[in-house]
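> Have a look at this one.
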Amino acid sequence: MASLPFPYFIGDAPVDASNQRAALAAVGRCRIDPSTCFTNSDYSAICDKNEEQALVDTENPETKDENKKLKKKYMKQGVAMASTYLRETLQLDVSVIDVQVAVDGGDVVKTDGCLAACLLDAGCASIVMDGANADAMDAAKIPRERMVAHFKSSSMATSEAISSALLLAGTISVDISSGDLGVVDRILASVPNKKDKVEFILSKLPETDDLCSIVSEISKKCKDGKGSIGLVDPNATTLGLSFAACMKTDRDDGLFTTVVCTRSEEALGLVYSSKESIVAALECGRGVYFSRSRKGLWRKGDTSGHYQTLHRLDVDCDGDALRFIVTQRGDDTAAFCHLNTLTCWGGPRGLRHLEGTLQERLKSAPEGSYTKRLFEDPELLRDKLVEEAQELSEATEPDDVAGELADVLYFAMVRAAKAGVSIDDAVAELDRRTRKVTRRKGDSKAFRIAAGEKILGKTG
């Protein structure tokens, strides 16, 4: 697995389309310093809410039950604020991008670890803290694999300091001077466990050619994805060319084979990318490739109108092929292929086919369409959802379970189509939920059970 560069936003906002920086985080991950990279007021409000949560007394027997509810209320409010901050203020999609947040140890201690849990519950991949501040890292009370211990200089990252930090963090981050490759081997040797990772932060970026050479050399030293390279406040050119420098190709034209996929990782088609097209894609946040027939950049959708929103770039295990994860757009139809189909292998199947059919039925359904009846009768749709869910819960044989599951999926997708929600929207929500560290008990809700029984009694 190739070791790749990622942007570390300290002075710049993550997204700035006006300055050709629309999708730098699409390289798959990014790190932000919320105290400096954007307006600090939103982040300060999140810290205040988490401190408010931490100060709720749940030990007093007289107020314990009431205060537990209050603490939970503040927790939900904090996560909602953090989610809005990430999604709207920073314009980062945490369901598809691994976002690291650098937090101050004092804020973590002051909030009794609530701040760290809040940011992870909101969708961040990991928390970055001072590697020399073990007390603050311990106060975060988060899983070791979600903690990044950062050392501000290579001189601070001694073997002893790294060993101590590894007790609480699964990733070691070290700020190195741009040309200081000599310390890379030493740092890597200090992190012997294959599961533990290393991130080298280049805070002083040299000229682009020199940077690409340095990034490529560090990438080669970091075998099997052991490490990655953070570039502080890069532009699309420096990040894109550095990204390409970590790849390889055996093609005479220097192009990279590229598979274009949906958010659900369904293949739309096969294209080719150049170094310049990677840069262009990061600049504009769209699917941009290299046309071999036209011998130039191919900005998908410029002529057909079937453009793509770029979410993420991935490199395969051998480092010689790219995957673009996109949402296919289009005024008339979402078609990637020139034959006006979603994929270059014809029409979709399964859930994607059902989704397309439902969207067509929503626009114009034939006379007598049951789907149209469901769209126009919310009470009927609600009743069928409850009814089919009950039948699924009671099915025992595999064939019966499969059949009842298909029924539930159909009615659920009718509900989603009516609300303008896609399969990709649901996939994104599932991916966001995997980031959470705070777990609910998951008990059934009596009032929902009662409501369901009332509906089943009516339909029965």
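The values are calculated or read from the model by the stated rules, or taken from the named source; none is laboratory data. These numbers come from a predicted model, not from an experiment. For neighbour counting, all protein chains shown are included, and Cβ atoms are generated from backbone atoms with ideal geometry for every residue, glycine included. Heads up: the accessible areas ignore ligands, DNA and RNA and are worked out on the full protein's heavy atoms, side chains in. Shrake-Rupley method; radii C 1.70, N 1.55, O 1.52, S 1.80 Å.
> Work out from phi, with θ = phi - 60° and the Karplus expression 6.51 cos²θ - 1.76 cosθ + 1.60, the ³J(HN,Hα) of each residue of segment 200-205, listed in order in whole Hz, and give x for Gly and Pro.
9, 9, 9, 8, 10, 7
> A 31 angstrom limit on the alpha carbon distance is what I want to check against. Which of 152/221; 194/436; 69/226 exceed it?
In this structure, 69/226 exceed 31 Å between Cα atoms.
> Can you find, among 423, 393, 315, the residue farthest towards the positive end of the dipole of the chain? Put +1 on the C-beta of Lys and Arg, -1 on that of Asp and Glu.
Working it through, the farthest residue towards the positive pole turns out to be 423.
> May I ask which residue of 375, 124, 75 lies farthest towards the positive end of the charge dipole of the chain, with charges of +1 (Lys, Arg) and -1 (Asp, Glu) on Cβ and the Cα centre as origin?
Selected residue: 375.
> Under the Kirkwood approximation for Rh and a Cα-based Rg, what ratio Rg/Rh is obtained for segment 33-185?
On the Cα set of segment 33-185, Rg over Rh gives 1.03.
> So what is the 222 nm mean residue ellipticity for the chain from helices alone, if each DSSP H run of at least 4 adds -39500 (n - 2.57) and you divide by all residues, rounding to the nearest 500 deg cm²/dmol?
-13000 deg cm²/dmol
> Hey, any idea what the orientation-averaged projected area of the convex hull of segment 287-392's Cα atoms comes to, in nm²?
For the Cα atoms of segment 287-392, the hull's average projected area reads 10.6 nm².
> Let me ask you something else. Within segment 65-142, what whole-number % of the accessible surface is contributed by carbon and sulfur, with the 1.4 Å probe and all protein chains included in the calculation?
So the carbon and sulfur contribution to the accessible surface is 47 percent.
> What does the charge count around residue 287 come to, taking other residues whose C-beta lies under 9 Å from its C-beta (Lys +1, Arg +1, Asp -1, Glu -1)?
+3
> Classify segment 157-291: rounded, prolate or oblate, from the alpha-carbon gyration tensor (a ≥ b ≥ c, eigenvalue square roots; a/c under 1.5 rounded; otherwise prolate if a/b is larger than b/c)?
Taking the square roots of the gyration eigenvalues as a ≥ b ≥ c, segment 157-291 is prolate.
> A follow-up question, please. Given a 1.4 Å probe, how much area per residue of segment 251-380 is accessible, in Å²?
It amounts to 53 Å² per residue over segment 251-380.
> If you put +1 on each Lys and Arg Cβ and -1 on each Asp and Glu Cβ, how big is the dipole of the chain around its Cα centre, in Debye rounded to 20?
So the magnitude is around 260 debye.
> Among 22, 155, 338, whose Cα lies farthest out toward the positive end of the dipole of the chain, if unit charges sit on the beta carbon of Lys, Arg (+1) and Asp, Glu (-1)?
338
> Now for a different question. Going by amide H atoms built from the backbone, whose H comes under 5 Å of the H on residue 6, apart from near neighbours?
The list, which skips near neighbours in sequence, is 229, 230, 231.
> For segment 44-55, what does the Karplus curve 6.51 cos²θ - 1.76 cosθ + 1.60, with θ = phi - 60°, yield as ³J(HN,Hα) per residue in whole Hz, taken in order and with x for Gly and Pro?
4, 5, 5, 4, 4, 5, 6, 5, 4, 5, 5, 7
> Now a separate question. So, with a 1.4 angstrom probe, what is the percent of accessible area on segment 331-460 that is carbon and sulfur?
Here carbon and sulfur together make up 52 percent of the probe-accessible area.
> Send over a whole-number figure in Å² for the accessible area per residue of segment 1-148, probe 1.4 Å.
43 Å²
> Using modelled amide H (1.01 Å from N, peptide plane; none on Pro or chain starts), what sits under 5 Å from the amide H of residue 98, excluding residues fewer than 5 places away?
Distant-sequence amide H within range of residue 98: 29, 30.
> Something else now. For a test of the definition: using alpha carbon positions, the gyration tensor, and the 1.5 limit on a/c, classify the chain as rounded, prolate or oblate.
Oblate shape, in that a/c is at least 1.5 and b/c is the bigger or equal ratio.
> Here is a further query. Report, in debye and to the nearest 20, how large the dipole of segment 113-156 comes out about its Cα centre when Lys and Arg carry +1 and Asp and Glu carry -1 on their Cβ.
That gives a dipole near 80 debye.
> Follow-up question, since we're still on this one. Taking residue 295 as the anchor, which lysines have their alpha carbon closer than 30 Å to its alpha carbon, excluding any fewer than eight residues away along the same chain?
Excluding near neighbours in sequence, the set is 248, 275.
> Same structure, new question: Ordered by residue, what ³J(HN,Hα) values in Hz, to whole numbers, does segment 120-125 give under the Karplus form 6.51 cos²θ - 1.76 cosθ + 1.60, where θ = phi - 60° and Gly and Pro are x?
Working through the residues one at a time gives 5, 5, 7, x, 5, 7 Hz.
> Same structure, new question: Among the listed pairs 300/363; 49/445; 73/454; 76/141; 49/197; 64/445, which are separated by more than 24 Å between their Cα atoms?
Check vs 24 Å cut-off fails for 300/363; 49/445; 73/454; 49/197.
> What does the charge dipole of segment 234-354 about its Cα centre add up to, to the nearest 20 debye, if the Cβ of each Lys and Arg holds +1 and the Cβ of each Asp and Glu holds -1?
I would put it at about 220 debye.
> Hey, another quick one. Share of antiparallel DSSP beta bridges in segment 122-268, in percent to the nearest 5?
So the antiparallel bridges amount to about 5 percent of the total.
> Taking every DSSP beta bridge with both residues inside the chain, roughly what % is antiparallel (nearest 5)?
Approximately 35 percent, going by the DSSP bridge assignments.
> Related question: Roughly how many percent of the accessible protein surface of segment 209-276 is carbon and sulfur, given a 1.4 Å probe and a whole-percent answer?
Carbon and sulfur: 42 percent of the exposed surface of segment 209-276.
> Relative to 2.2 N^0.38 Å, what does the C-alpha radius of gyration of segment 291-347 come to as a ratio? Two decimals please.
Dividing the Cα Rg of segment 291-347 by 2.2 N^0.38 Å gives 1.25.
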